[in-house]
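What follows draws every value from the coordinates through simple rules; no lab data is involved. Since the model is a prediction, treat every value here as computed from it, not as a measurement. Using ideal geometry, Cβ is built from the backbone for each residue, glycine included, and neighbour counts are taken over all protein chains shown.
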Amino acid sequence: GRLLSPAAGAPPVSKLMVPLPEDSPLVVRTYPGRALALSRDGKHIVYATSGAFLDSRLRLRRLDETSIQVVSGSENARGPFLSPDGEWIGFFDGTEAALKKVHVRGGRAITLARGFANASWMLGEWCDDGTIVFDTWNGGLRTVPGDGGEVRVLTQPKEEWHLDPQPLPGPCRVLFFSYRDEGEAIEAISIKDGAR
C-alpha cells in the first residue's frame, strides 16, 4: 500500500497540561457521566469538582490565561458541556433534578428543564442549531431548545438504554450509544424527524 500524507493545511497537533489547584480537584469517578468539557474552539476547559469538597461549583480555565475560575451559579453541577460558540455551559443539577445553563462568565443559572431523578448521571450536548440533546440515563434521549422550552422525546427505548448523545456537524443529527443485553451499537438519529 502507499502512505498517505496529511492533507494540506491540516491543523497542527496541540498538547496541553493543565495543573489543577488542590482545593478544586477534578471529579475522578464519573461513570456514568462526564466531568470535563472542552469548547469547540479550544479556548475553554470546564470541569466538575469533587463532591468531597464543600464547593461543588464548576471550574473554568480559559486557555489564554493561567488561572482557574469558579463559575458562579453552577452549584451542584455535574456533566458539563459547552454551547457551539463557547459562551454557555450546560450542566445537570443533581440536587434540583434539573438541566441548567450558565454563562461562562458566571451569573444566575437558567433552568431549562426539570424533573430528572437521574440528573447526576445524565449527559448532554449542544447541536449547531442551538438544540440541546441529552440522555435520561434509563429513559431515552430528549431534546430542549437551548433557550428553554418544551422537552421533546427523541427516543423511547423498550429493552435497551440510549446514552451519551454526540451531535454531528450541521443539521442536528446525533450519534448515541445503544446498550442491550444482546450487545451494544452506535446509532444515529435525526432531531428533525427521528429518522434512524
Open item on the list: With a cap of 14 neighbouring Cβ atoms within 10 Å, and only residues DSSP puts in a loop, list the chymotrypsin sites (Phe, Trp or Tyr not before Pro) found in the stretch 111-175.
Closed with: none
Task: the chain: most fluctuating residue of ASP147, ASP129, ASP64 per GNM, C-alpha cutoff 10 Å - done: ASP64
Task: Selection of trypsin sites (Lys or Arg not before Pro), the stretch 102-146, meeting DSSP coil and at most 14 other Cβ within 10 Å - done: ARG105, ARG108
- [ ] For the chain, just say rounded, prolate or oblate: build the C-alpha gyration tensor, square-root its eigenvalues into a ≥ b ≥ c, call rounded for a/c under 1.5, and beyond that prolate if a/b exceeds b/c, oblate if not.
- [x] oblate
- [ ] Hand me the GluC sites (Glu not before Pro) from the stretch 92-196 located in a DSSP loop with no more than 10 other Cβ atoms within 10 Å, in residue order please.
- [x] GLU150, GLU159, GLU182
TODO: With springs only between Cα atoms under 10 Å apart, run a GNM on the chain and tell me which of SER14, SER120, SER83 wobbles the most.
DONE: SER14
Open item on the list: Need one word for the stretch 67-183: rounded, prolate or oblate. Basis is the Cα gyration tensor (sqrt eigenvalues a ≥ b ≥ c); a/c below 1.5 gives rounded, then a/b vs b/c decides.
Closed with: prolate
Open item on the list: Rounded, prolate or oblate for the stretch 54-99? Axes are the square roots of the Cα gyration tensor eigenvalues, ordered a ≥ b ≥ c, and the cut-off for rounded is a/c under 1.5.
Closed with: oblate
Task: Difference of contour (0.36 nm per residue) and Cα-Cα distance, HIS103 to GLN166 - done: 20.5 nm
